[in-house]
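First the structure, in the form of structure tokens, and then the observations on it.
The values are calculated or read from the model by the stated rules, or taken from the named source; none is laboratory data. These numbers come from a predicted model, not from an experiment. Note that we place each Cβ from the backbone using ideal geometry, even for glycine, and neighbour counts take in every protein chain shown. Accessible surface areas use protein heavy atoms only, side chains included; no ligands, DNA or RNA. Shrake-Rupley method; radii C 1.70, N 1.55, O 1.52, S 1.80 Å.
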Amino acid sequence: MIDVVLTTLDARDPYTYEHSFRVARFSAMMAQELRLSPALKQRVEVAAYLHDIGKIAIADRVLNKAGRLNRDEMLEIQRHPRIGFNILSRLPTFHEIATIVLHHHERVDGNGYPGRLAGDAIPLESRIIAIADAFDAMTSS
């Protein structure tokens, strides 16, 4: 099932597909260092693979734009966690994964999106993915 979803993402946006694999690798490494349970490690890794699946519904002009996004474009890109949640939550086995995906752009200070959650209100798995996501964004072209 995960492979089908990722193949769909690859067909839509090869960069996001590759980014998802890197974020999953970094997230798994952090989960290992944190000595999380095997079940939690697996949940982190699966959610990391799928964290940007909502980008399949974002317009190409926004998704592939070189340079800074304007306010409207930023609002559009910020829809992707909710879209990912909506896609994944349709399958009961992915309900926990969907929640992790929904919150992967929340910030500890409460200034993230979509729910403006803060601190421990953000699922641990989402916090791990957020760090891996930011690291990959800063270290890849």
### Residues of segment 89-105 that turn out to be crowded, with 18+ Cβ neighbours inside 10 Å and of a type outside the set (Gly, Ala, Ser), as a count
8
### Near pairs, Cβ below 7 angstrom, 6+ apart or cross-chain, from segment 4-16 (closer than 12 Å to residue 49 by Cα and polar (S, T, N, Q)) to any residue that is open to solvent by less than 70 Å² (accessible area, probe 1.4 Å) and modelled with pLDDT of 80 or more
16/52; 16/55
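Checking the conditions here, which among 122, 131 is open to solvent by 60 Å² or more (accessible area, probe 1.4 Å) and within 16 Å of residue 44 (Cα to Cα)? Don't jump to the end; show me each part of the working.
Details: 122 fails: open to solvent by 60 Å² or more (accessible area, probe 1.4 Å).
131 is the lone residue from the list that is open to solvent by 60 Å² or more (accessible area, probe 1.4 Å) and within 16 Å of residue 44 (Cα to Cα).
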### Task
State which residue is least open to solvent (accessible area, probe 1.4 Å) when the search covers only segment 63-83 and only residues that are within 17 Å of the chain's Cα centre (by Cα) and farther than 25 Å from residue 26 by Cβ.
76
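On the given criteria, is residue 86 of a type in the set (S, T, N, Q), under 15 Å from the mean Cα position of the chain (by Cα) and surrounded by fewer than 21 Cβ atoms within 10 Å (Cβ to Cβ)?
Working: of a type in the set (S, T, N, Q): yes; under 15 Å from the mean Cα position of the chain (by Cα): yes; surrounded by fewer than 21 Cβ atoms within 10 Å (Cβ to Cβ): yes.
Yes: the conditions hold for residue 86.
I'd like the full set of residues that are within 15 Å of residue 83 (Cβ to Cβ) and either open to solvent by 30 Å² or more (accessible area, probe 1.4 Å) or out of contact with any Ser or Thr (no Cβ under 7 Å at 6 or more places or on another chain) (or both), limited to segment 1-19.
Once the filter is applied, which keeps residues that are within 15 Å of residue 83 (Cβ to Cβ) and either open to solvent by 30 Å² or more (accessible area, probe 1.4 Å) or out of contact with any Ser or Thr (no Cβ under 7 Å at 6 or more places or on another chain) (or both), segment 1-19 yields 5, 8, 12, 13, 16.
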### Message
Among the residues of segment 32-41, are any at pLDDT below 95, open to solvent by 30 Å² or more (accessible area, probe 1.4 Å) and part of a helix (DSSP H, G or I)?
### Response
no
